[in-house]
1. Taking the range 124-157 as the search range and keeping residues that are closer than 26 Å to Pro526 by Cβ and in a loop (DSSP other than H, G, I, E, B), which one is most open to solvent (accessible area, probe 1.4 Å)?
2. Given the condition open to solvent by 20 Å² or more (accessible area, probe 1.4 Å) and more than 19 Å from Gly268 (Cα to Cα), answer yes or no: does some residue in the range 292-315 qualify?
3. Quick one: which of Ile164, Ile199 is closer than 30 Å to Ser248 by Cα, part of a helix (DSSP H, G or I) and open to solvent by less than 40 Å² (accessible area, probe 1.4 Å)?
4. Scan the range 173-184 and report the pairs whose first residue is closer than 14 Å to Ser399 by Cα and among the polar types (S, T, N, Q) and whose second residue is open to solvent by less than 50 Å² (accessible area, probe 1.4 Å) and modelled with pLDDT of 85 or more, with Cβ atoms within less than 8 Å and a gap of 6+ or a chain change.
5. Here are the criteria: (1) open to solvent by 20 Å² or more (accessible area, probe 1.4 Å); (2) over 30 Å from Pro551 (Cα atoms); (3) in a helix (DSSP H, G or I); (4) not small (Gly, Ala, Ser). Tell me which single one Val414 does not satisfy.
6. Any residue at all in the range 203-214 that is open to solvent by 10 Å² or more (accessible area, probe 1.4 Å), aliphatic (A, V, I, L, M) and assigned to a helix (DSSP H, G or I)?
7. Report yes if Leu325 is in contact with a Cys (Cβ under 6 Å, 6 or more places away or on another chain), in contact (Cβ under 8 Å) with a residue 12 or more places away in the chain and either within 23 Å of Thr390 (Cα to Cα) or open to solvent by 30 Å² or more (accessible area, probe 1.4 Å) (or both), otherwise no.
8. Provide a single number: the residues in the range 187-196 that are under 15 Å from His364 (Cβ atoms) and open to solvent by 10 Å² or more (accessible area, probe 1.4 Å).
Amino acid sequence: MLLQRAPRCLRAGRSPAAAAPTSAVTRSCRAGGRRGRSRAVRVKAVAGPSFESLDGDDMPLATLDRPGAPPRVALASEKEGKVAHPDLLNPCLLEAQYAVRGELYLRAEELKRQQREIIYTNVGNPQALGAKPLTFVRQVVALCAAPFLLDDPATPGLFPADAIARARALLASFGTGGMGGYTDSRGNPGVRGEVADFIEARDGHRPDVEHIFLTDGASAGVRGVLSALLRGPGDAVLVPIPQYPLYSASIALFGGKLLPYELDEAGGWRLDLDALTTQVAAARAEGYSVRALVFINPGNPTGSCLPGPDVAALVSWCARERVVLLADEVYQELVYRDDRPFVSAHKALMDGPDPGACELISFHSVSKGTSGECGLRGGYYVLTNIHPGTVAQLYKLSSIGLCPNTIGQVVVSVLCNPPRPGDPSHAQWARERADELASLRRRAALVSAAFNSLPNMSVVPTEAAMYAFPQVHMPPAALAAAAAAGKKADVFYCLRLLEQAGICTIPGSGFGQAAGSQHFRTTFLPREEVMAGFVEKFKAFHTDFMAEFGPQAAAAAGSGGKEPARTDAAQK
């Protein structure tokens, strides 16, 4: 389906400046397949980190009069008795897809309601699969959320002294409202300072605290930045294939164009900068404005970690090609190769020959490290070499949502500024993190070895993050059965895996994959004892699948045998 996106609801006339008295903003309705008709209104300009609301004088009703203009043609406002009919929703929303909670997940939930045992390896949700929260994180969160405990005489016997001291300091920094009050739209300045300290310790370079935005998880930051960068269907964003569907869904939602660039699976999911250059030149020749490049490192779904020199080369490439680098680095804590440590894009830029050359926005989260605090929704993004007017506009965007949630800000504080050696909680903190990292490393090795031991299957061994992305080399009979069932081949395989083995994964087509290949993504987050059962169930399923659709089955079909059997799930 070809979609034409109407103009943005808000399109700035020029970059705001603190001294500017006003700025003209065009307000437009959004509609699929036609241009919205716009009218100019006067809006108070952004002045530093604050701005005024619209009032009646800013939006005179008289501006609705358009002498001499052609009459408006109203879109349908009702269908089948419903105003909010799905056919009348924003076409960009209808276009967006998000495979992580798609067909396989819904079928798994249906089977679970039928009392089937399901192993969920479809989503990176550590605590839902048995991981325990880090004790110090939850102690500080508990004290901040229930500050009356700080005055309870029993508290010193229940909580370590450093957790009590941290909670008191955080509550003081949040002010009178504590956890129940709004903060600055970028988040608590004290917590942002701790993020700056964390980045300086990691990279040797300190970012500007005023350019750090706390968010409700990294996803909220990604969506906000993309909404600001994408002006319409002529704006394009380079996205790796395979990718995390947040990016394809958000780009579709904001009416932009996704430009895929394939990672080299045979080379360990490395970048091919020559192919990137060719892709950008072709897109620009077709009239697209290439605005940004998404870079996921460590990789999701690939489980790879890019070497430092490759990161530096990518930073230089983005500077040369004049695109904003969007560095998704939420898995940076989870690296399992001692000879290939994580190197941030920020460090590569600042250590390089021209630290001011590349426009960089880096994202991090509390959800994906050893903390696994997916539900508490904490994260941040950092702006490097971004125009001050754009910083102000992003502040305005954050202000529309008031502020990130305060509990998530507390978790960011603790993870960026954990207990230090000598603190009462340090030994437990270090032990819990080390134990979880060691377990994840063992599970990564377990699933990688299992997949590579099977016929008609291969995987780049997982060296980071929490996923494997194996390729299934589907026999012709399986491809024919999938086509007969009206399913993509990888979806057909994953549905069979779910129905027969009770394992919920995500087909590779939900992330993007090379033409003609079939993959799936699985986590290895279930506890080690569960993962051992996962491996045995998976091996048994795959062996049976290949026996059903392999060369012998194809020979039988060619000699007049019956069509290979299909499960009920594959027929749906």
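1. The residue in question is Lys132.
2. Looking through the range 292-315, none of the residues is open to solvent by 20 Å² or more (accessible area, probe 1.4 Å) and more than 19 Å from Gly268 (Cα to Cα).
3. On the way: Ile164 fails: closer than 30 Å to Ser248 by Cα.
The unique qualifying residue is Ile199.
4. As it stands, the answer is Thr183/Phe174; Thr183/Cys403; Thr183/Pro404; Thr183/Thr406; Thr183/Gln409, since those pairs meet every condition given.
5. Result: Val414 fails condition (1) only.
6. Checked the range 203-214: at least one residue is open to solvent by 10 Å² or more (accessible area, probe 1.4 Å), aliphatic (A, V, I, L, M) and assigned to a helix (DSSP H, G or I).
7. Working: in contact with a Cys (Cβ under 6 Å, 6 or more places away or on another chain): yes; in contact (Cβ under 8 Å) with a residue 12 or more places away in the chain: yes; either within 23 Å of Thr390 (Cα to Cα) or open to solvent by 30 Å² or more (accessible area, probe 1.4 Å) (or both): yes.
Yes; evaluated as a whole, the condition is true for this residue.
8. Applying the first criterion (under 15 Å from His364 (Cβ atoms)) to the range 187-196 yields 187, 191-192, 194-196.
Then drop every residue that is not open to solvent by 10 Å² or more (accessible area, probe 1.4 Å), which leaves 194.
Within the range 187-196, residues that are under 15 Å from His364 (Cβ atoms) and open to solvent by 10 Å² or more (accessible area, probe 1.4 Å) number 1.
The values are calculated or read from the model by the stated rules, or taken from the named source; none is laboratory data. Just so it is clear, the model here is predicted, and its values are computed rather than measured. We place every Cβ from the backbone using ideal geometry, glycine too, and count neighbours over all the protein chains shown. Calculation scope for accessible area: heavy atoms of the full protein, side chains included, ligands and nucleic acids excluded. Shrake-Rupley method; radii C 1.70, N 1.55, O 1.52, S 1.80 Å.
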